[in-house]
Amino acid sequence: MSTRPGRACTVVTVQGEVDVDTVPMLEDVLREAVDAGARHVVLDLAGVTFMDSSGLSLLVMWLKRLDDIGGRLCLAHVQKPVRDVLVLSALDTVLDVYDTVEAAEYHMPPMAA
């Protein structure tokens, strides 16, 4: 996992599986980003091949946390196996999902001056 500044957001790139074993690492990365001032986060899931219920729970938790502080969480480059899980869980109806990181960044609200 890695983070980088994006256009009015922080981009978190995730690789491999998001499951009970890796969710704590993603949780740490997201917490560190928010502690450093991030309010809008794009998760780049291009390299994610699998997501279990613990990963879905993490998405819901961070969607709420960021919303509570006036921020936003969205997903980009979601691969078919993960997209299928999002659809089955109906999370695709509450999370914004974009084909590219650039599209997700473009739709982020501008940063306050």
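Every number here is computed from the coordinates shown, using simple stated rules; none is lab data. The shown structure was predicted, so the numbers you read here are calculated from the model rather than taken from an experiment. Virtual Cβ from ideal backbone geometry, glycine too; neighbours counted across all protein chains shown.
Over all other residues within a Cβ to Cβ distance under 13 Å of ALA46, the charged ones net out to -1, with Lys and Arg as +1 and Asp and Glu as -1.
How big is the antiparallel share of DSSP beta bridges in the range 2-106, given as a percent to the nearest 5? Don't skip to the answer; put the middle values down first.
Working: 5 of 21 bridges.
Of the beta bridges lying entirely in the range 2-106, close to 25 percent run antiparallel.
Taking the Cβ of ASP84 as the center, what net charge do the other residues with Cβ under 14 Å away carry, scoring Lys and Arg +1 and Asp and Glu -1? Walk me through the numbers on the way to the answer.
On the way: positive: LYS80, ARG83; negative: ASP52, ASP92.
Neighbour charge sum, excluding ASP84 itself: 0.
Measuring between their Cα centroids, the range 11-34 and the range 46-78 lie 9 Å from each other.
Add +1 for every Lys or Arg and -1 for every Asp or Glu among the other residues with Cβ under 15 Å from the Cβ of VAL97, and state the total.
Details: positive: ARG72, LYS80, ARG83; negative: ASP44, ASP84, ASP92, ASP96, ASP99, GLU102, GLU105.
Local net charge: -4.
Looking at (i) 1.18; (ii) 1.03; (iii) 0.96, which value of Cα Rg over 2.2 N^0.38 Å comes from a calculation on the structure shown? Answer by label: (iii).
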